[in-house]
Structures are given as C-alpha cells and as structure tokens.
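The values are calculated or read from the model by the stated rules, or taken from the named source; none is laboratory data. All of these numbers come straight from a predicted model, not from anything done at the bench. Note that each Cβ is placed from the backbone with ideal geometry, even for glycine, and that neighbours are counted across all protein chains shown. When the accessible area is computed, the model is the full protein with side chains, heavy atoms only, and any ligands, DNA or RNA have been set aside. Shrake-Rupley method; radii C 1.70, N 1.55, O 1.52, S 1.80 Å.
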Amino acid sequence: MYKIAVLGDRDSVLGFRALGLDTFFVEDTEEARHTLHRLARENYAIIYMTEALAGPLAADIDRYKSETTPAVILIPGKGGSLGLGSRALQAAVERAVGADIS
C-alpha cells in the first residue's frame, strides 16, 4: 500500500500529522536530500515538500518527474509561498497540454 509523506521544518509540517500523514522534520539540505530519496524507496506515492527545502534540491526532485512514483508536490512553508509550487504546476500543465495556457 502506498503512503503519503510531508517533508519540511517542524513548524511547517506538524499540522499534517493530525490529518494522518507521515511527517518528517528536517533542518538542512543534506538531511532533506537523504530523507527524500529514502521516502522514494519506501513506497511513498506522494511526498509534499516545503518550497524552502525544494529550492536547493531541484536536481533531486527533477529525478522523480519521469517516474510514476513518488509525486513530489511543493507546498508553502511557515514563511509563505515562494512561488516554486505554482511554477512547477504550470510547467506540468504545459508538458501535459503541449502549450502555455495562461
């Protein structure tokens, strides 16, 4: 059975635990990289990640774009949105549709 994870700093992801999602608190880029790849190996179909962590891990996240699982979805952190999630969504729509529809 597939699982759902939320990866980020404690303040940003703790609330997701109340929804029954598995939460993983990380404090730096290297710990986030290691945890992302471990979750991908452990049957997590969806990994929500804070945008603040995702910036330095762009190459690691791109690695999973062509895979069926996991889907790495960027979410705003405690400091608000950095716009990375909306840009990633727009790029995915452009790939699916074949054109910029905005």
Under Karplus coefficients 6.51, -1.76 and 1.60, residue-wise ³J(HN,Hα) of the stretch 23-39 in Hz, glycine/proline x: 10, 10, 8, 10, 10, 9, 4, 5, 5, 5, 4, 4, 5, 4, 5, 5, 5
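Determine the share of the stretch 10-58's accessible area contributed by carbon and sulfur atoms, expressed in whole percent, with a 1.4 angstrom probe.
The C+S portion of the solvent-accessible surface of the stretch 10-58 is 51 percent.
Using a Förster distance of 25 Å, how high is the FRET efficiency between Thr69 and Thr29, based on the Cβ-Cβ distance and rounded to 0.05?
On the way: r = 23 Å, r/R0 = 0.92.
That gives a FRET efficiency of 0.60.
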Chymotrypsin sites (Phe, Trp or Tyr not before Pro) restricted to DSSP loop in the stretch 10-73 with at most 16 other C-beta within 10 Å: Tyr64
Distant-in-sequence amide H partners of Val26 (H built 1.01 Å from N, under 5 Å): Gly8, Asp9, Arg10
Amide H contacts of Ile73 (H built 1.01 Å from N, under 5 Å, at least 5 apart or other chain): Ile47, Tyr48, Met49
